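The values are calculated or read from the model by the stated rules, or taken from the named source; none is laboratory data. Keep in mind it's a predicted model, so treat the numbers as computed, not measured. Methodologically, a virtual Cβ is constructed for each residue, glycine included, from the backbone with ideal geometry; neighbour enumeration extends over all protein chains shown.
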């Protein structure tokens with residue numbers, strides 16, 4: 001049964017990880033850079049690098065670095081080097097740790113990181129762009145009356161943005177949990193057993209299935225939360 005409230009969901013998720021005897025996640029000390037400004041890393045940079053790396057990987061080829069000092073050949077540039085560069089392009093603080101996790105555990109961490117980065121961009125937008133959406137809601141929108149009353153009672157657009165960001169975060173967690181566990185407990189077990197499920201699958205840069213699934217993304221949502229101000233206005 002899918003937990004209804006976040007504290008219960010977190011406890012259930014932690015229990016599931018312990019019972020499985022491991023953790024699907026990468027390194028603990030990793031975070032996304034704040035969205036926007038000079039901290040932004042265009043996805044196109046990572047996409048191009050990933051395409052080259054994936055081609056080498058599927059063809060079983062290796063690259064070699066230039067000859068080192070004294071004419072001694074350097075070590076081959078392995079998948080780890082390519083992956084680390086991609087995580088750095090996406091703004092990962094602990095790029096080597098993420099790359100090691102993908103290479104050693106065969107977990108699609110790069111796809112997971114990229115997906116969660118996108119999720120956090122959308123979550124943070126509710127705070128960073130609060131003045132814009134507050135004004136838009138005041139002019140037109142189903143919640144326009146509520147927004148107007150909140151402002152009249154003294155709340156600022158920035159404070160409304162903080163509230164909206166938390167709601168967006170909770171909603172994202174619930175969706176990610178549902179993605180990993182379709183059963184919500186509202187139906188009889190015999191009915192649940194006959195229903196289809198779903199998954200989020202990894203694709204190569206050319207759009208081909210890799211056979212790997214982005215599982216339990218909810219476990220990493222808090223772990224990769226951007227640090228520092230989100231740009232909300234007062």
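Taking the stated definitions as given, is residue 222 within 27 Å of residue 98 (Cβ to Cβ) and surrounded by 15 or more Cβ atoms within 10 Å (Cβ to Cβ)?
Judged against the criteria, residue 222 is not a match.
Return the only residue of 125, 172, 136 being out of contact with any strand residue (DSSP E or B) (no Cβ under 9 Å at 6 or more places or on another chain), over 24 Å from residue 92 (Cα atoms) and assigned to a helix (DSSP H, G or I).
136
With (1) within 22 Å of residue 201 (Cα to Cα); (2) in contact (Cβ under 8 Å) with a residue 60 or more places away in the chain as the list, and residue 172 as the residue in question, which single condition is left unmet?
Result: residue 172 passes all but (2).
Criterion first (more than 22 Å from residue 201 (Cα to Cα), out of contact with any strand residue (DSSP E or B) (no Cβ under 7 Å at 6 or more places or on another chain) and either surrounded by 12 or more Cβ atoms within 10 Å (Cβ to Cβ) or modelled with pLDDT of 50 or more (or both)) does residue 88 satisfy it?
Criteria met by residue 88.
How many residues are in contact (Cβ under 8 Å) with a residue 24 or more places away in the chain and outside any loop (DSSP other than H, G, I, E, B) if we restrict to segment 148-158?
Here the count works out to 2.
Mind listing whichever residues of segment 176-192 are surrounded by 13 or more Cβ atoms within 10 Å (Cβ to Cβ) and part of a helix (DSSP H, G or I)?
Residues satisfying the conditions are 176, 177, 178, 179, 180, 192.
State which residue pairs qualify: first residue more than 19 Å from residue 216 (Cβ to Cβ) and inside segment 186-200, second residue surrounded by 10 or more Cβ atoms within 10 Å (Cβ to Cβ) and modelled with pLDDT under 95 in any location, beta carbons under 6 Å apart, and separation of 6 or more residues or different chains.
Filtered contacts from segment 186-200: 192/183.
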